[in-house]
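Heads up, the thing below is written out as structure tokens.
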Ligand SMILES: [Cu+2]
């Protein structure tokens, strides 16, 4: 008789636990965040990197917009040597030095703002900006 009573109590307790556990999950709250994060991920630009082509005699694109922490890589093309050098007025200081075709230079921008730069041999016709948001 005692054993039978204990098992009925345990069975009742087990049923109570299983009933309680199914109630919160029935809300389906776990599917809601997954659906909301998916559109945000698709609208974000290529994470962490931007490319600028340095040709004779221009930076392409002349205006680049990135996010803080992104790295910009300049690729040097064309027979004439060029540089990507921050202007004196720029608070972000970088200088590729004068490079020939086939070379690359990368710089990671950690601070927000618009930073203007130029080419050392051609400062009047080769100007561009990096905007960090
Ligand atoms: Cu140049």
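From the residues in the stretch 115-133 that are within 15 Å of residue 88 (Cβ to Cβ) and in contact with a strand residue (DSSP E or B) (Cβ under 8 Å, 6 or more places away or on another chain), which one is nearest to the ligand (Cβ to nearest atom)?
In this case the residue turns out to be 119.
Specify the residue that is nearest to the chain's Cα centre (by Cα); the eligible residues are those in the stretch 95-114 that are within 15 Å of the ligand (Cβ to nearest atom) and surrounded by 12 or more Cβ atoms within 10 Å (Cβ to Cβ).
Top of the filtered list is 105.
Tell me, please, whether a residue that is closer than 17 Å to residue 49 by Cα, away from the ligand (no atom under 16 Å from the Cβ) and loosely packed, with under 12 Cβ neighbours inside 10 Å can be found in the stretch 76-94.
no
Laboratory data are not the source of any read-out in this text; all were calculated from the coordinates shown. As the structure is a computational prediction, the values presented were derived from the model and not from experiment. Reconstructed Cβ throughout: ideal geometry from the backbone, glycine too, with neighbour counts over all protein chains shown.
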